[in-house]
Amino acid sequence: MTNDTPNASASNAMWGGRFAAGPDAIMEAINASIDFDKRMAAQDIRGSRAHAAMLAAQGIITDSDAEAIREGLLTVLSEIEGGNFPFSKALEDIHMNVEARLKDLIGEPAGRLHTGRSRNDQVATDFKLWVRDQMDAAIEGIEALIRALLAQAEAGADWVMPGFTHLQTAQPVTWGHHMMAYVEMFGRDMSRFRDARARMNESPLGAAALAGTSFPIDRHMTAEALGFDRPAANSLDAVADRDFALEFLSCATICAMHLSRFAEELVIWSSAQFRFVVLSDRFSTGSSIMPQKKNPDAAELIRAKIGRIMGAMVGLFTVMKGLPLTYSKDMQEDKEQVFDAADSLMLSLAAMTGMVSDMTANRPALEAAAASGFSTATDLADWLVRELNMPFRDAHHVTGTLVAMAEKKGCDLPDLSLEEMQSVHAAINASVFDVLGVHNSVASRQSYGGTAPDQVRLQIGRWKELLG
């Protein structure tokens, strides 16, 4: 429940005696962040509980006050999780809403909670905890997608399909090899999130407003309690830093770009012109007027999400680029963009995982397409080099001449007769036909990371071992 009624007296009480009158409605509207930063309620309460425990351990507050604060915060958390918390815009943000409610519940001890900290280090801590949770969720979501891709790759490790450059048929590859290309992409995404998580895992709590505090706090204790590796080493940087949010958005943008590329392929592949895959009804929609239509709407929406996520990244970079140290109110504009990007990324990962798990590859259509467009021309050139000791540039020319001949006849390379081939180069013999089939072509690509089924299965095994 949200209470939007201005409450100047409540606001002034939290601010102290500095201001004689409360802000007017316009100032309140632009200044308040509770409508969105209430998403950090659990992190805010977790940070406050750790801070209160530390204050008691250091003898800065009494054990009885710390216990009252701890119990009161648990009650506040229960109210928020139960949907019974009276959020107030007049109290601006999640921190002041929680503290005001805590005072209602336990009285004077609530006023001791803010000893040795500021809203500057408090919000930095809350936001870091929230972003860290989202990084963990993203890593888990990417791993689920990778497992779905591995299942597709394993099922079709030796199914041939066309490989493309410029969206033109280039060389035959395998379905498994194509799926494993996305495994590698999303594997890098998972690695980026893990790297960013490790780098961000320093606690701002105790940096206070910007200069630290004169109270004998133990920042290592609160850092450990909150799962951080260490406290941030510079109080100015601790409250001014939003690199962790920028890194999250950067990682999310690259991941969303990969999702968009795959979504584009699914849109193309599921069309009547390609028929490479059939998407399940769960991730498709119909047309209001054309009964035959089955639209890949989930893929199209994933393809579009990159705009929102990349826009959030550019937006936050723009907010941060001109800010002097340390805190400026501009930094309140950091959260909505990150929240929206995180929601978009997680929804896209879940939808793509569902589509990949449910989709059915059309093996006959894939194989028919693999053999079209003179896809084994490179195999022919390689054969001329290997068997006839021909320089590759000469082999390229001979192969090009044979492709032109086949194109003029309206057939593919394997359909040319030996006599026709020998009219271009007399040394060509019947064994050339062994390399012109698409299955022979993919089987020959045995170099590490190649499309040969044995190589595909090797990479599948490697990834299964990595994931455990």
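The values are calculated or read from the model by the stated rules, or taken from the named source; none is laboratory data. A quick note: this is a predicted structure, and the numbers were derived from the prediction, not measured. Every residue, glycine among them, receives a Cβ derived from its backbone with ideal geometry; neighbour counts consider all protein chains shown. Surface accessibility is based on the protein's heavy atoms, side chains included, excluding ligands, DNA and RNA. Shrake-Rupley method; radii C 1.70, N 1.55, O 1.52, S 1.80 Å.
If you check Ser64, Ser48 for being of a type in the set (Ser, Thr, Tyr) and within 25 Å of Phe228 (Cα to Cα), only one passes: Ser48.
Residues checked against (1) of a type in the set (Asp, Glu); (2) under 30 Å from Ala245 (Cα atoms):
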{"site": "Glu108", "(1), (2)": "yes, no"}
{"site": "Asp121", "(1), (2)": "yes, yes"}
{"site": "Lys128", "(1), (2)": "no, yes"}
{"site": "Val131", "(1), (2)": "no, yes"}
{"site": "Ile142", "(1), (2)": "no, yes"}
{"site": "Ala148", "(1), (2)": "no, yes"}
{"site": "Pro162", "(1), (2)": "no, no"}
{"site": "Gln168", "(1), (2)": "no, no"}
{"site": "Gln171", "(1), (2)": "no, no"}
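Which residues, counting only those in the range 399-417, are in a helix (DSSP H, G or I) and of a type in the set (Gly, Ala, Ser)? Within the range 399-417, Gly400, Ala404, Ala406 meet the criteria.
Each residue in the range 269-283 was checked for being free of Cβ contacts under 8 Å to residues at least 24 places away in the same chain, open to solvent by less than 40 Å² (accessible area, probe 1.4 Å) and hydrophobic (A, V, I, L, M, F, W, C), and 1 pass. Does the range 392-399 contain at least one residue that is touching a residue at least 12 places away in the same chain (Cβ under 8 Å), surrounded by fewer than 19 Cβ atoms within 10 Å (Cβ to Cβ), within 28 Å of the chain's Cα centre (by Cα) and farther than 30 Å from Arg242 by Cα? Checked against the condition, which is being touching a residue at least 12 places away in the same chain (Cβ under 8 Å), surrounded by fewer than 19 Cβ atoms within 10 Å (Cβ to Cβ), within 28 Å of the chain's Cα centre (by Cα) and farther than 30 Å from Arg242 by Cα, the range 392-399 yields no hits at all.
Taken over the range 413-468, the criterion of being buried (at least 16 other Cβ atoms within 10 Å of the Cβ), of a type in the set (Lys, Arg) and out of contact with any Asp or Glu (no Cβ under 8 Å at 6 or more places or on another chain) is satisfied by Arg445 alone. Looking only at residues of the range 140-164 that are of a type in the set (Val, Ile, Thr) and in a helix (DSSP H, G or I), we find that the one that is farthest from the chain's Cα centre (by Cα) is Ile146.
With respect to Phe215, determine if the residue is assigned to a strand (DSSP E or B), of a type outside the set (Ser, Thr, Tyr) and surrounded by fewer than 18 Cβ atoms within 10 Å (Cβ to Cβ).
When the stated conditions are applied, Phe215 does not pass them.
Based on this model, can you work out whether Ala361 counts as under 47 Å from the mean Cα position of the chain (by Cα), under 30 Å from Pro296 (Cα atoms) and open to solvent by 60 Å² or more (accessible area, probe 1.4 Å)? No; evaluated as a whole, the condition is false for this residue.
Counting residues in the range 322-340 that are open to solvent by 40 Å² or more (accessible area, probe 1.4 Å), without any contact (Cβ under 8 Å) to a residue 12 or more places away in the chain and not in a helix (DSSP H, G or I) gives one or more.
Which of the following residues is modelled with pLDDT of 95 or more, loosely packed, with under 14 Cβ neighbours inside 10 Å and of a type in the set (Gly, Ala, Ser): Gly311, Gly307, Gly315? Going through Gly311, Gly307, Gly315 in turn, the sole match is Gly307. Residues that are among the small types (Gly, Ala, Ser) and either under 31 Å from the mean Cα position of the chain (by Cα) or not in a helix (DSSP H, G or I) (or both) within the range 42-94 comprise Ala42, Gly47, Ser48, Ala50, Gly59, Ser78, Gly82, Gly83, Ser88, listed in sequence order.
The condition of being surrounded by fewer than 17 Cβ atoms within 10 Å (Cβ to Cβ) and touching a residue at least 12 places away in the same chain (Cβ under 8 Å) holds for only one of Ala196, Ala209, that being Ala209.
Residues are listed down the side, and each one gets a yes or a no for (1) at pLDDT 95 or above; (2) surrounded by fewer than 20 Cβ atoms within 10 Å (Cβ to Cβ); (3) farther than 17 Å from Thr125 by Cα; (4) among the aliphatic types (A, V, I, L, M):
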| residue | (1), (2), (3), (4) |
| --- | --- |
| Asp37 | no, no, no, no |
| Ser48 | yes, no, no, no |
| Ala52 | yes, no, no, yes |
| Ala57 | yes, yes, yes, yes |
| Ala66 | yes, no, yes, yes |
| Arg70 | yes, yes, yes, no |
| Leu74 | yes, yes, yes, yes |
| Ser78 | yes, yes, yes, no |
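The set of residues in the range 218-261 that are more than 27 Å from Arg308 (Cα to Cα), open to solvent by 30 Å² or more (accessible area, probe 1.4 Å) and hydrophobic (A, V, I, L, M, F, W, C) comprises Met221, Ala225, Ala233, Leu236. If only residues of the range 159-180 that are in contact with a helix residue (DSSP H, G or I) (Cβ under 9 Å, 6 or more places away or on another chain) and surrounded by fewer than 17 Cβ atoms within 10 Å (Cβ to Cβ) are counted, the one that is modelled with the lowest pLDDT is Ala170.
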